[in-house]
Amino acid sequence: MILVSSIDLGRLKLSEVEKEAKKFWEVNNIPAKWRSWREGRPVFSFLEGPPTANGVPHIGHLRGRIYKDFVLKFMRLQGYNVWAQGGWDEQGLPVEVETEKKLGIKHKKEIGEKISPEEFIRKCNELVDYYLKFWEKQATTDIALWLDLENAYETRKPEYIEHVWHLIKRAHQENMLYEGFRVLPFCPRCETVLSDAEVDMGYEEKTSPSIIVKFRVKDDENTYLLVWTTTPWTLIDNEAVAVSPKGRYCKLSVNDEFWWVAESRVEEVLKLAKAEGECVEVVLGEKLAGLEYEHPLIEEVPLHKSHDNAHKVFTGEFVSLDEGTGLVHIAPGHGPEDFELGSKHDLPITSNVEINGVFNSSAGVFQGLYVDEASKKVTQVLRSKGLLIYSGIITHAYPHCWRCHTPLIYRADRQWFIDISRIKSNLVDQLEKVNIFPPKLKERFTNWVA
C-alpha cells in the first residue's frame, strides 16, 4: 500500500503553524501545566548547566538546548514529574571580557583608571540584562524549552554568591581549603589563572622563537652545554639544566670549543648551527649530573649571583631525546616539570614575571618588558655575547586563553585550592551509579573526577 500525505507541502507555511502552536500554548497555559506536579509520580530532576549571558545565542546553543528539550519532553511522556530548573551564568571573566571590549579597555589596570570599579560593575550588569532577554526568548521560550525561568538561579544574585561562600566555609571547616604555591597557567591579559580544563579549550597555532644557546661549563672555558628553547624570556629565570639519565650524550669538538649534545640530536644541531664537528666522547646523562655552568645572563640579571644552590646539571626522566638538543633549560618558576625538579633539589623558584606578563625589578635589564619583548632582547643579548648558535622560528600548538585568545604564560604563584583528594574515592563511587549516555563518554567524566 502506498501512503500519500494529505498535506500540501508546497503550500505549508511552517511559520504560520509555529504561530498557531505558540498561541495555543499561551492561551491554554501549557508550559505551566507541563511543569505542574502530579501526585504520586516519580521525579525527573533537571538543573541546567547555565549558559553565559555575555552574547546573543547562536545555532550551536540552540542545538544543545533542543537536545535537552528532547529528554525533558520524553521523561514527561514517560509519566515523570519534571523539575526543570533554569539558570544563568552572569558574572566572571566571560562577562568582564565582553564588557571590556565594548568599553575599549585593553588592560585590567584601566579599571580604576579610565573607569571606576563601581561603574564597571554596573556596565557588566547592563550587558547581562541586555543579552538575558535574547536567551530567555530566542533560546528558551521560542523553542518551547519549558524551563522554570521565574525561579531561575542567577550567579550574580546575593543568594547564589552566599551559597558559594558557604561552600568555601565548609571546605575550610573540613580542612580542605589551603593556599598552595605552584606553577600555573595565567592569561596576562585577563590577569587570572586557568584550570587544566580551560587550557585544553584554547590550543591555537602560534609562531614562537626557536633558539639554541651555549651555557659555559664552569672551570672549563671552552666547554658548553647546548640548550634549546621556544621561550627565550624564561632564560631570565633559569636555575638549572636537565638531561636524560640513561640518554647518550656526545662531547662535540667544534672549532676550538666543545659542545655537549644528545647523541641522537648531533646531526640536526650541527645543521642548524651551520657547523662541522666530531664526537670525541660519549657518556650517559647521569655522568653529566653535577656539572656547574655560568648563567648566560649573569651580568644582565645580577640576582643570579646570589643563587648558590643553582646553575647545575640534574637528571630528569621527562627530558626528550627527540627534539632540541636533548638538554633542557630549567626555570622552576615557569614550568610544572621544572617546578617539580626545582622543589626536589631545593633550587630557587625564581619567577620575576608579574601576573600581567611584565618583568619586575628583580629581572635586571629586562625590567618593565612584556614576555614577548623580553624574548627579543634576550636573543639580542645572547647574540652579542657569542652564546647564540641558532635563532629561528617554529609554528606549534600552544595554549591560549579561551576567552580573549592571548597566549598563556606559566608562572609560580600562590593560589587557593580545595583538596579534592580527600573526597575523590567517594566521587568515583558515586559516578559509578550514574548512567551516562552515550556510554563512551563515561571515561571522560571518570578521568575528570579521578
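Measuring r between the beta carbons of W37 and D413 and using R0 = 41 Å, the FRET efficiency lands at 0.25.
Axis angle, to the nearest 10 degrees, between helix 93-103 and the longest C-alpha principal axis of the chain: 90 degrees.
Loop-resident trypsin sites (Lys or Arg not before Pro) (DSSP state other than H, G, I, E or B) in the stretch 195-274 with no more than 12 further Cβ atoms inside 10 Å of their Cβ: K246, K274. Considering only Cα atoms, the convex hull volume of the stretch 25-154 works out to 112 Å³ per residue. Distant-in-sequence amide contacts of A144, defined by a placed amide H-H separation under 5 Å and a gap of 5 or more residues or a different chain, comprise nothing.
Of the GluC sites (Glu not before Pro) found in the stretch 167-268, those that fall in a DSSP loop while having at most 11 other beta-carbon atoms within 10 Å are E221.
Of the cross-linked pairs K114/K157; K251/K312; K206/K442; K246/K385; K246/K305, those separated by over 22 Å at the C-alpha level are K114/K157; K206/K442; K246/K385; K246/K305. Need one number for the stretch 204-413: average projected area of the convex hull over its C-alpha atoms, nm². Approximately 11.1 nm², given one-decimal rounding. Exposed loop sites, defined as chymotrypsin sites (Phe, Trp or Tyr not before Pro) outside DSSP H, G, I, E and B with at most 14 other Cβ atoms within 10 Å, are absent from the longest region of the chain, namely 38-317. The calculated FRET efficiency for the pair D142 and L77, based on their C-beta separation and a Förster distance of 25 Å, comes to about 0.70.
Can you list the residues of the stretch 43-82 with backbone N under 19 Å from a point 7 Å past the Cα of K433, pointing along Cα to Cβ? Once the point is set 7 Å along Cα→Cβ of K433, 43-47 turn out to lie under 19 Å by backbone N, inside the stretch 43-82. Among beta bridges from DSSP that stay inside the chain, the antiparallel ones total about 75%. Here the simple spin-label model places points 7 Å from the Cα toward Cβ, and for H163 and E150 these points are separated by 1.9 nm. By the equivalent-ellipsoid construction on the alpha carbon gyration tensor, the stretch 293-363 comes out with semi-axes of 21, 15, 13 Å, ordered largest to smallest. Couplings for the stretch 130-145, taken from phi via the Karplus curve 6.51 cos²θ - 1.76 cosθ + 1.60 with θ = phi - 60°, read 5, 6, 4, 4, 5, 5, 5, 8, 5, 9, 9, 4, 5, 9, 6, 8 Hz in order; Gly and Pro are left as x. For the stretch 201-248, the fraction of C-alpha pairs more than 14 angstrom apart is 66%. Restricting the calculation to Cα atoms, the chain yields a radius of gyration followed by a Dmax of 29.5, 97 Å. The sum of -39500 (n - 2.57) across all DSSP H runs of n ≥ 4, divided by the residue count of the chain, sets its helix-only mean residue ellipticity at 222 nm to -9500 deg cm²/dmol. The alpha carbons of the stretch 6-78 give a radius of gyration and a Dmax of 16.2, 47 Å, in that order. Per-residue 3J(HN,Hα) values for the stretch 380-389, derived from phi via the Karplus relation 6.51 cos²θ - 1.76 cosθ + 1.60 with θ = phi - 60°, read 4, 5, 4, 5, 5, 8, x, 9, 9, 9 Hz in sequence order (x marks Gly and Pro). The GluC sites (Glu not before Pro) of the stretch 319-356 include none that DSSP puts in a loop with a beta carbon having at most 10 other beta carbons within 10 Å. Centre-to-centre, using Cα atoms only, the stretch 86-128 and the stretch 277-324 are separated by 46 Å.
Taking the Cβ of each residue in L382, L12, L272 as the centre, tally the other Cβ atoms inside 10 Å and list the residues starting with the fewest. It would help to have the intermediate numbers written out before the result.
Numbers: L382 22, L12 9, L272 18.
Final ranking by Cβ density, sparse to dense: L12, L272, L382.
Each part reduced to its alpha carbon centroid, the stretch 138-183 and the stretch 401-448 end up 17 Å apart.
Only the coordinates and a few stated rules stand behind these numbers; no lab work does. This is a predicted model, so every value here is computed, not measured. Note: ideal-geometry Cβ built from the backbone for every residue, glycine included; neighbour counts use all protein chains shown.
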